[in-house]
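Accompanying notes for the structure given below.
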Amino acid sequence: MISQKVTFVEARGNIVRDCPGTKNHICCGYKTIDLVEGCILSCSYCILKSYINSPDIKITRDYDYIFSQLNVAMEKEKNHIMRFGTGELSDSLALDQRFDLNRPLIQFFGEKKKALFELKSKWAYIEHIRDFLNPYIIISFSLAPQSIINKEEKKTSPLYKRLKAARRAQDAGCFVGLHFDPIIIYPGFEKDYEYLIHDVGRILDLERVIWVSLGLLRFPPRLFEEFLEKRRKNLLFGEFIRGEDGKYRYIKSERIKIYTMLYNQLKSKLDSLFVYFCMERSDVWKAVTGINLDNNEGLIKLFDKRIHDLYGGAL
């Protein structure tokens, strides 16, 4: 049941945009499609709370307008394989079964065969789109230990359903993405994430996981105040520092330690897994992976190579 008011709005301005990056941090060059603004799920750490002022859900169905912007973006890009997604201002799947929002985009990208379209979600239901899926669609799920899902990700699907839905997407011929983001430090988190990665390796075909992102918890001051007020102990465990972008993050030495632990565990399951960090500096990349990335272009080229290795000449 949807508690928020849902409004269908006319498409205006830039619906297709660059993913908002962070200055002096490595960004992957992702493009967002603002199909929906607002979310019916209730994650305590959700950054949308800090910059979407209305609790209402706004949806645009002006697909011709969106397709025109997608075509322009694809025509402009001559050097890289483009990646698009609808998961920036909302969950990609939470409203999809009810309003059939993504199917026109799924068909558009399947016909274009020039770029990848990622549906990123914590809502594990894909049966309504399964028959329309094609190789250019990436079904992705945000993953966390079930204890965090229970406490901090209200109204979302449990972990086992997310993993089973990802496997169904693989069986339907899609590559899937996995997003460990936000990774949260709390007593016993190390063992919980070890079990989580074990389940990933047990349930999924790792050869058909196109990418895995790692991102530790970060949030703006407004959410920090809310966490303090509501005594959200899971979200305040650890030592934080406020970065140049104003967001609070775990201190760098702790981030490097945790990234290294998870990176090595994932690579132990399959060494060829493509693992990247969301919004981290070049020195963190170097410390964890040994890879020298001086700018965004370096990471985008790694994505290009990964996609080419998996798709060959199909993109």
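Coordinate-derived values only; no laboratory data. Everything quoted here is computed from the prediction, not taken from an experiment. Note that each Cβ is placed from the backbone with ideal geometry, even for glycine, and that neighbours are counted across all protein chains shown.
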Mind giving me the nanometre distance, one decimal, between the label points for K269 and F132, set 7 Å out from Cα along Cα→Cβ? 2.9 nm
Table column - 3J(HN,Hα) (Hz), region 110-117, Karplus curve with 6.51, -1.76, 1.60, x for Gly and Pro: x, 7, 5, 6, 10, 7, 10, 10
Counting only DSSP beta bridges fully inside the chain, the antiparallel percentage to nearest 5 is 30 percent
Pop a pseudo-label 7 angstrom from the Cα along the beta-carbon direction at both L206 and C19 and give the gap in nm to one decimal. 2.3 nm
Say the cut-off is 24 Å between C-alpha atoms; which of K112/K305; K78/K112; K23/K269; K233/K269; K23/K154 go over it? K23/K269; K233/K269; K23/K154
Of every Cα-Cα pair in region 165-315, the percent that sits beyond 24 Å: 40 percent
Between K191 and E229, what is the spin-label point distance in nm, taking each point 7 Å from the Cα along the Cα→C-beta axis? 3.6 nm
For region 90-152, state which trypsin sites (Lys or Arg not before Pro) are in a DSSP loop and have at most 13 other beta carbons lying within 10 Å of their beta carbon. K113
Report the extension gain between Y160 and L302 in nm, rounded to one decimal, defined as 0.36 nm multiplied by the number of residues separating them, less their alpha carbon distance. 48.1 nm
Region 198-288: trypsin sites (Lys or Arg not before Pro) falling in loop per DSSP and having at most 15 other Cβ within 10 Å: R231
Which chymotrypsin sites (Phe, Trp or Tyr not before Pro) in region 1-65 pass both tests, a DSSP loop state and at most 11 other beta-carbon atoms within 10 Å? Y51
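Using a 10 Å cut-off around each Cβ, can you sort I26, I2, I47 from fewest to most neighbouring Cβ atoms? Intermediate results must be reported in sequence, preceding the final value.
Numbers: I26 23, I2 10, I47 15.
Taking fewest neighbouring Cβ atoms as first place, the list is I2, I47, I26.
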What is the dipole size for the chain, taken about its Cα centre, with +1 at each Lys and Arg Cβ and -1 at each Asp and Glu Cβ, in debye to the nearest 20? 460 debye
Taking Rg and Dmax of the Cα atoms in Å as the quantity of interest, determine which of (1) 18.7, 53; (2) 19.3, 66; (3) 23.0, 83 was computed from the displayed structure. (1)
By the rule of no other cysteine beta carbon under 4.7 Å, the lone cysteines of the chain are C19, C27, C28, C39, C174, C278
Between region 236-315 and region 113-188, how many Å separate their Cα centres? 19 Å
If each DSSP helix of 4+ residues adds -39,500 (n - 2.57) and the sum is divided by the residues in the chain, what number results at 222 nm, nearest 500 deg cm²/dmol? -11500 deg cm²/dmol
